[in-house]
1. Normalise the Cα radius of gyration of the protein assembly as shown by 2.2 N^0.38 Å (N = residues in it) and let me know the number.
2. Given segment A:218-268, what whole percent of its Cα pairs are spread farther than 14 Å?
3. For the peptides B:92-105, A:269-282, what is the packing order when you average, over each peptide's residues, the other Cβ atoms within 10 Å and list the highest mean first?
4. Can you give the relative contact order of chain B as a percent, counting alpha carbon pairs under 8 Å and 6+ residues apart?
5. May I ask for the distance between the Cα centers of segment B:11-55 and segment B:151-184, given as a whole number of Å?
6. Averaged over peptide A:175-188, how many Cβ atoms belonging to another chain are found within 10 Å of each residue's Cβ?
7. Using Cα centres only, tell me the gap between segment B:205-278 and segment B:57-128 in whole Å.
8. Using the alpha carbon gyration tensor of segment A:154-237, what are the three equivalent-ellipsoid semi-axes (square root of 5 times each eigenvalue), largest first, in whole Å?
């Protein structure tokens, strides 16, 4: 075999392997639809998404996932209230303020936090945070929106922190030097120069952190309480979409309406996270830092 | 003038506090798990199967199941991920095909773990008739960790200096041999440490294996890749939420959590330490 042919062949084989990720993504979409679409012979897409009653095991069943969507959105937004400031400020600490020796340690710790299995955090929420909330606020149950949001925030912080830190790190040195040369303090430089310059990266970080929180399963399954109703207070239980899928798949008869409805919920969840990811991808491409010349 | 420095002090304090809070959160969780779990850990706990409807005995089948699933997932995802990364860094030029692959990888990285579980159920368990078993679970986990491994491998390959490639090509060595003999060995430690972090993720995931591989209890150890297995994360979940003996099994739950955290963070920590050691040693 000629050398040139061999090289072309190897390149071709590698391209096929590299295509695997796209193929897997396509298979995910195909099989979500294959198992989820039959539901829409029973209920319309509008009734499914905006229906306020999720009673999949009743006779006749009602498949409305609006309460589940609200549950997902609420815990995600509340977790952001905690995760965004903590994640971004810790990134500022690591990239701008920390002494070199502490910097590596804090980075490693955040990496380890990212490595904590979600079931372990869920367990921690059940045995520590739940009893604490129950006693402090005198509640019937500690498994509620607040608990789920706190634990989800812990899961989202590493994502937000590490991506923000990359963005801050990429800000050209000249910006900083120019700012100092004008007599700005370190605080003014960070808040008025560095953070604005890194804003697109930080936005990407926040969006990816939100995507992480909305798709996270074990935490909301274990600590959100599981009530499939639209909540009225932050101490109410909710049943976010991933929790509903994970909890009910075991008992849903194979091929039945409930089974299809859970796959259809998966479709909604998949596209919600996909939109988050596409926006993040778009922002990071569109506003790519290519040096001081771009500003 | 004073006001400016006061504001700076307030800001710096907030920044330091948030970093401290994150460190304390991890520290607190780990200390809590170790304090509550350490008394349960014994040789019997890690080598015996559960007895008396899960209220006594050990967790050996779950440890073994998690090892099988993780090893299976890595055996599939590591070669696939490394080859993808080589293609993207060494061969690929800009273009629509590459943009498609990159978008695919980014989107795959963002797919929720429970959706991977649904995919595994719909594809491996139902469509391919594998049933709920090690093979289905391992393949589902492989799909989940693939983007992590590609990312780590790409970073390692990119850190190999361009001069290495140029020197090799200048000697008349073909591109493939340059990659195989020069680039890959140089990048290998980086690829491996990065991938270890992916291994930790595979070992700790619960949602993808719930419908594809995990069983609450198996009387026998798995004999083939078409058997269901117990797994540490699923064991924790079931004992803590669904069992009829939630309070009696509390100590076993703590013990299992400690074993899982020990495995996952232990492996992660080794990878992080090796990586920082290598970065210091690097001569180029």
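1. Details: Rg = 24.5 Å, N = 579, 2.2 N^0.38 = 24.7 Å.
Working it through for the protein assembly as shown, the quotient is 0.99.
2. Numbers: 676 of 1275 pairs.
Beyond 14 Å sits 53 percent of the P(r) for segment A:218-268.
3. Numbers: B:92-105: 14.6, A:269-282: 18.8.
Going by the mean number of other Cβ atoms within 10 Å, highest first, we get A:269-282, B:92-105.
4. On the way: 347 pairs, mean separation 71.8, N = 284.
Dividing the mean separation by the residue count of chain B yields 25 percent.
5. If we compute the Cα centre of each part, the gap is 42 Å.
6. Values: counts 0, 0, 0, 0, 0, 0, 0, 0, 0, 1, 6, 4, 10, 4.
Across the residues of A:175-188, the mean count of other-chain Cβ atoms within 10 Å is 2.
7. Result: 19 Å between the Cα centres.
8. They are 39, 13, 9 Å, listed from largest to smallest.
Just so you know, all these numbers are worked out from the coordinates, no wet-lab data involved. These figures come from a predicted structure and were not determined experimentally. Here the Cβ is made from the backbone with ideal geometry for all residues, glycine too, and neighbour counts use every protein chain on show.
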